[in-house]
Amino acid sequence: MDEHIYRNSETVFSHLDQDQEEAEDMPIYGNVADQTLRGKQSHPVAAIRSFKSVTDKAQINDSSPEPAAEDSGAPYRCIHILLAVLCLALLCGLTALGILYVEKSNTSDSLEARNNNLSVLLSAVEQRLAESTTCGTGWKKHQGKLYYFSTEKMNWNQSRDYCISKGAHLVIIKSQQEQEFVSSSINESHWIGLSDQVTERQWLWVDNTPLNDTETQPWWSKEPDNWTGGGDPSGEDCGSLGDYNGHVSFWFDASCGKIYHFVCEAPSAI
């Protein structure tokens, strides 16, 4: 049996040697595929394995993904561009808000400063008005004016000068309403700002405006009469409310040298 195995082995190896010699006699530039195929035919197992390897490689090559298209990154580029635009818009919005905030702050500061200035001015006006309304005993406020009803007595010229020293003037009565207010505040004769010292029978107010015929003129009966029998040869050239008998609702002409109370008039803020 051993001899039989040995003989078979020699036969196999002799075939292998023969195949090798044939392979060596082939040209170097022979077809490699033919050599491979011949080798596979000479060795069935190796041929099967080689065929399987080639088949697997072919399947791998067939299943390998195709190269990505050149524009496969386009969606990402669009997203990047969109984000950049959004960031730019956000930056512009923040800049605009910053500008508006600064402008609003400046406007607020300006308004606050103006309000402070107005408050100071208002306080000054209120203080001056308070001083005007309480500038002394006898002052009254009425219809936007201040009236001073004196406690002392003076002649007409002295009364006029006193009112001027207070920033006022002897009262100028231009309406029936004002006439009623002044006359209701007194109970005896008071000088008013009316006289004809410059020209007889041409009555002027202390502001040099003439007594108008259309104005209130509540003269007492037969007044003005420029009577000279009262001890003043120059006559009666100054106007007063009331006489020695009272009658404070009427005007009288009297000697400018008489001693009476008087009424000063001024704007409400002096």
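Since every read-out is calculated from the coordinates, none of them should be taken as a lab result. Here the structure is a predicted model, which means the values were calculated and not measured. Quick reminder, even Gly has a Cβ in these numbers, built from the backbone with ideal geometry, and neighbours come from all protein chains shown.
For Thr216 and Tyr244, what does the FRET efficiency come to when R0 = 25 Å and r is the distance between their Cβ atoms, rounded to the nearest 0.05?
For R0 = 25 Å, the calculated efficiency reads 0.60.
Tally Lys and Arg at +1 and Asp and Glu at -1 over the other residues with C-beta under 15 Å from the C-beta of Ile186: what net charge comes out?
With Lys, Arg at +1 and Asp, Glu at -1, the neighbours total -4.
Please arrange Glu223, Glu200 by how many other C-beta atoms lie within 10 Å of their C-beta, fewest to most.
Ranking Glu223, Glu200 by Cβ neighbours within 10 Å, fewest first, gives Glu200, Glu223.
Suppose R0 equals 51 Å; then what is the FRET efficiency for Arg77 and Val102 from their Cβ-Cβ distance, rounded to the nearest 0.05?
In this case the efficiency is close to 0.85.
Would you kindly calculate the mean projected area, averaged across all directions, of the convex hull enclosing the Cα atoms of region 139-267, in square nanometres?
7.3 nm²
Can you work out the PRE-style zone for Trp227? Point 7 Å along Cα to Cβ, and I want the residues of region 240-270 with backbone N under 11 Å.
Backbone N within reach: 243-245, 253-255.
Rank by packing, highest mean first: peptides 179-189, 246-256, with packing defined as the count of other Cβ atoms within 10 Å averaged across residues.
For the peptides 179-189, 246-256, the packing ranking is 246-256, 179-189.
Past 27 Å, Cα to Cα: identify those pairs from Lys145/Lys222; Lys141/Lys174; Lys140/Lys222; Lys141/Lys222, in the order given.
Lys145/Lys222; Lys140/Lys222; Lys141/Lys222
Take Glu200 and Ser175, extend 7 Å from each Cα along the Cα→Cβ direction, and tell me the distance between the two endpoints in nm.
Here the answer is 3.6 nm between the modelled labels.
Suppose each label sits 7 Å from its Cα in the direction of the beta carbon; what would the Thr209-Ile259 distance come out to in nanometres?
Label at Thr209, label at Ile259, 3.4 nm between them.
So what is the relative contact order of region 217-270, in percent, for Cα pairs below 8 Å that sit 6 or more residues apart?
Dividing the mean separation by the residue count of region 217-270 yields 33 percent.
Going by how many other Cβ atoms sit within 10 Å of their own, how do Lys145, Lys174, Lys258, Lys104 line up, fewest first?
So the ranking, lowest neighbour count to highest, is Lys104, Lys174, Lys145, Lys258.
Among DSSP bridges having both ends in region 139-267, what percentage is antiparallel? Round to the nearest 5.
About 90 percent, rounded to the nearest 5.
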